[in-house]
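**Student:** My structure is below; once you've seen it, I'll send some questions.
Since every read-out is calculated from the coordinates, none of them should be taken as a lab result. No experiment lies behind these values; they were computed from the predicted model shown. Note that each Cβ is placed from the backbone with ideal geometry, even for glycine, and that neighbours are counted across all protein chains shown.
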Amino acid sequence: MSTEKPSARRTTPLGDKRLRCGVIGVGRMGRHHARTYANMDNVELVGVVDSDEERRETIADQWGCKAFATVAELQAEGVDAVSIAVPTVAHRAAAEPLLREGVACLIEKPLAPDSDEAWALKQVAEDAGSVLMVGHIERFNPIMRALRREQASGLPIVPRFIEVHRVSPMTFRSVDVSVVMDMMIHDLDVILMLMDGHEPTEVTASGVPVVTEHEDICNARLVFDRPAPLGRCVVNITASRLALKTERVTRITGENAYIKIDYAAKTGTIIRRTANELQMAEVRSQLRDGRDLTDLDWHELVNIESLEIDDAEPILAEISSFLDAVRAGEPPEIDATAGFVNVRTAQRIVEAARADWASWDNPELAGRASLTESELAKIQP
């Protein structure tokens, strides 16, 4: 009989075995991970870790598992997979010993506080052959899943311009980091996914610290130059934690479609051009000739549809995707490379915004966070 613990180093799939799981950090997000694991079939929630004794004992009692003060105690108990939901600055310390022993890690977004630590985590996971997934939960939002189904089933949507607004009132959570790392990072992951993992060739940004010492409001302009036939896409993205109301809207203008996604209202609309080329050529000819087309119903030239939105819970979809990767021994939905690219792009935005701060008193310091050709050659997929 083998005495090997479930946490021993491995590179092989785990198949249909009952997975032993844990949660590190059971604050606002971690407690939802604990609930999800506890209610999944063929999964055992072994234990939770938190520095707050009362909090970890409360969550452990609620879901019938053990409470641990340290990651090492959970690791000694034997786990196959864990969620890590501690503050971002503690991600590496929590994840590294687990990844080195082959324990799969789902790390809440962002992967790390900076690109150096994100790269280090990526290297550890790859060297150990461990599954590392980053919890960018917006990819599992029912609206985003609907958009991806539409992309897969309909005509390709080639984005040319994307506009994003994510604003909300101040909650005084995550105020130790910029709004870029706190809120904008959600949308950066979606944008980089739509760009097939390509990083922006140019980043300009402006941010303002109002309540905290970091950017509470930030606007960034990202330029993506992708190989033909995809070409250029320009993204304008705004994040604020000082708004009077919550708004989370993304508008995508493509060559053959326009899409509006409202995360808060849980609605999505797609407008596709359906007129044939002969009809469009005739309309353009008439416009050039100065014809009065005010009686023309432009809806006859397009097709307006609502995205079909399901009611699946995003965190359940996220954790299910993570565990599917663990069972199959395959790369997860959002791997360490995607997590690293997200962090590096966010870091470039923060650096560009802070260069703008410097330019208030020293205009010659204003600059752009752009990548050189040699840098691009190293990072593009």
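**Student:** So if I take the centroid of the Cα atoms in segment 217-261 and the same for segment 85-161, what is the distance between those two points in Å?
**Tutor:** 21
**Student:** For the chain, what does -39500 (n - 2.57) per DSSP helix run (n ≥ 4), summed and divided by total residues, give at 222 nm, in deg cm²/dmol to the nearest 500? Spell out each step's value before the answer.
**Tutor:** Working: 11 runs with 133 residues, N = 381.
Result for the chain: -11000 deg cm²/dmol, rounded to the nearest 500.
**Student:** Among S178, S285, S240, determine the one that fluctuates most according to a GNM of the chain built with springs between C-alpha atoms less than 10 Å apart.
**Tutor:** Ranking S178, S285, S240 by mean-square fluctuation puts S285 first.
**Student:** Same structure, new question: Please report Y258, Y263 as a ranked list, fewest other C-beta atoms within 10 angstrom at the top and most at the bottom.
**Tutor:** Listed from fewest to most nearby Cβ atoms, that is Y258, Y263.
**Student:** Among bridges DSSP assigns within the chain, what percent are antiparallel (round to 5)?
**Tutor:** Beta bridges within the chain, antiparallel portion: roughly 60 percent.
**Student:** Which number comes out as Rg/Rh for segment 19-130 once both Rg and the Kirkwood Rh are worked out on C-alpha atoms?
**Tutor:** Numbers: Rg = 13.1 Å, Rh = 13.8 Å.
Answer for segment 19-130: 0.95.
**Student:** Let me ask something additional. Please give the contour-minus-distance gain from N276 to N256: 0.36 nm per residue of separation, less the Cα-Cα distance, rounded to one decimal in nm. Mind showing how you got there, number by number?
**Tutor:** On the way: separation 20, 0.36 × 20 = 7.20 nm, distance 1.20 nm.
Fully extending the segment from N276 to N256 adds 6.0 nm.
**Student:** Once you have the Cα-Cα distance between V249 and Q62, take 0.36 nm times their residue separation minus that, and quote the gain in nm to one decimal.
**Tutor:** Working it through step by step, the gained length comes to 63.7 nm.
**Student:** Go through 186-196, 85-95, 332-342, 241-251 and give me the packing order, highest mean Cβ count within 10 Å leading.
**Tutor:** Descending packing order for the listed peptides: 332-342, 186-196, 85-95, 241-251.
**Student:** Another question, if that's okay. I need the GluC sites (Glu not before Pro) found in segment 275-318, filtered to DSSP loop residues with at most 12 other beta carbons within 10 Å of theirs. Intermediate results must be reported in sequence, preceding the final value.
**Tutor:** Details: sites: E277, E282, E300, E305, E308, E318; in loops: E308.
Those satisfying the criteria are E308.
**Student:** Quick one: plug the Kirkwood hydrodynamic radius of the chain (C-alpha pairs) into Stokes-Einstein at 25 °C, 0.890 mPa s, and report D in µm²/s.
**Tutor:** Answer, rounded: 108 µm²/s.
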